[in-house]
Every structure is written in C-alpha cells, then in structure tokens.
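Inspection log for the structure reproduced underneath, given as structure tokens.
The values are calculated or read from the model by the stated rules, or taken from the named source; none is laboratory data. Source: prediction; values computed, not measured. No Cβ is skipped: glycine too gets one built from the backbone with ideal geometry, and neighbour counts run over all protein chains shown.
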Amino acid sequence: MNEAPAQPETPPEIPSASAPSPVAKWPITSWLRDLVVSVSISAFIIMFLYQPVRVEGTSMLPMLEDQDRLFINKMAYHVGEIHRGDVVVFEYPRDHTKSYIKRVIALPGDRLRIDHGQVIVNDKPLFEKYVPVRFVDSRSQREIQIPRGEYYVMGDHRSISSDSRDFGPVDKELIYGRAAFVYWPFDQAGVVR
C-alpha cells in the first residue's frame, strides 16, 4: 500500500488585534448598503411616483386647507386619463415657476358655461357636492368649448379661487400630478376626493 506522506497540521491563524476582522466590517457594510438602497428607492418614488407638496392658500377649502401636506401621484396621468372631479396639480399657465392645485370641471371637447355660479357642462348642471353653499359665488361665464388637450379647472372655494375662469383652460402638458393623500395634519389625513 502506498500512502501519501502525512502533512504537518498547521495551527489556525489568529487575527492580530490591529487588523480588523471581516466579521467586524459586516455590520457597517450592511448598514451602508441598506442606507444606499433606501435612499435610492425613496429618490425613485419622489422623482417618478409620488411627491410631497404643501398647499398654499384656501381656494380648495373645505377639502384642502392652507398649509396641508399631501402626496401627489406623478404617474397617474402617464398611464391613465384625467377625469372630471380629479384634484390635479399643475404649473400655473402664466408663470411656470408656480404650481396650483384645483379640481377638473370640464374635459377636452366639453361645452361649459356658468350661470350665476351654477356650472353647466354639455347642457347639464354639474352636481358639485364638494362645494359648500357658503363657498359658491354668483359669477357667470358665457359658453365655451374646451379645446383638445386642455382642461377647465376650478377651486372648491369658488368665491376666492383664481382658476380657469381667470386664466382659461389648462394644457395637459402643464398637469403633473393628481392629489392622492393628505398626510399632515394627522387629524385630516386621508385620501383626496
């Protein structure tokens, strides 16, 4: 029988006190990796999906109050359609550095007129349960047809709102999100309707 010569057994290597062990580096590396992944996911969500915004003004009372914080869904209109009644955020047509938040009242192709505060779309009065009687105004507007690719928007607090009655219909390209969820103040948190 041929046997291989026995190899002398080498003792296990003992790490010196000055050299960090790979096990000691793992929690820091793991924490740093988790932080980078979390920040990347958060940046993706904020840049492409949801964005926090602050309401400035009272034109959307009683649904949204001044200084409310909410998330807007930035993907909603890249994959879906804008509907009558949606609360949208858009660049102010006369100054693209400002953003407004209003409710969509009429869609492209609709005929709209306002008779002493009563909104009439396509010859039918619009039932607007989101506008309390105390916020209705008596303004009138002659009939217009909403151009293709544009939307007529109004604030729920009609008597003080600067909206399409003042600056005209809003081009779809200026609409960049749908109001989704109020998160501050906590007692008013909920889905925007």
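Quick look at the numbers
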item: Total residues in region 88-97, condition buried (at least 16 other Cβ atoms within 10 Å of the Cβ) and either at pLDDT below 95 or assigned to a strand (DSSP E or B) (or both); result: 4
item: Selection count where residues are within 13 Å of the chain's Cα centre (by Cα) and modelled with pLDDT under 95, scope region 74-87; result: 5
item: Filtered residue count, region 86-98, keeping only those that are without any contact (Cβ under 8 Å) to a residue 60 or more places away in the chain and closer than 21 Å to residue 160 by Cα; result: 2
item: Yes/no for residue 103 being touching a Gly at 6+ places or on another chain (Cβ under 7 Å), closer than 18 Å to residue 166 by Cα and either surrounded by 14 or more Cβ atoms within 10 Å (Cβ to Cβ) or not acidic (Asp, Glu) (or both); result: yes
item: Identity of the residue in region 113-149, in a strand (DSSP E or B) and touching a Leu at 6+ places or on another chain (Cβ under 9 Å), that ends up surrounded by the fewest Cβ atoms within 10 Å (Cβ to Cβ); result: 143
item: Breaking point among (1) farther than 21 Å from residue 107 by Cβ; (2) within 21 Å of the chain's Cα centre (by Cα), for residue 160; result: (2)
item: Members of region 88-118 found to be aliphatic (A, V, I, L, M) and out of contact with any Phe, Trp or Tyr (no Cβ under 9 Å at 6 or more places or on another chain), listed by number; result: 114
item: Hits in region 150-181 - residues which are farther than 25 Å from residue 137 by Cβ and either of a type in the set (Val, Ile, Thr) or surrounded by 14 or more Cβ atoms within 10 Å (Cβ to Cβ) (or both); result: 171, 172, 176, 177, 178, 180, 181
item: Filter result (touching a strand residue (DSSP E or B) at 6+ places or on another chain (Cβ under 8 Å) and either of a type in the set (Gly, Ala, Ser) or assigned to a loop (DSSP other than H, G, I, E, B) (or both)) within region 64-83; result: 64, 67, 68, 74, 76, 82, 83
item: Residue among 168, 109, 149 that alone is over 18 Å from residue 60 (Cβ atoms), under 21 Å from the mean Cα position of the chain (by Cα) and touching a residue at least 24 places away in the same chain (Cβ under 8 Å); result: 149
item: Qualifying positions in region 48-74 - loosely packed, with under 13 Cβ neighbours inside 10 Å and in contact (Cβ under 8 Å) with a residue 24 or more places away in the chain; result: 48, 52
item: Filter result for residue 14 (outside any helix (DSSP H, G or I), modelled with pLDDT of 95 or more and not small (Gly, Ala, Ser)); result: no
item: Residue ID - surrounded by the most Cβ atoms within 10 Å (Cβ to Cβ), chosen from residues in region 75-85 that are over 19 Å from residue 156 (Cβ atoms) and either touching a residue at least 24 places away in the same chain (Cβ under 8 Å) or in contact with a Cys (Cβ under 8 Å, 6 or more places away or on another chain) (or both); result: 76
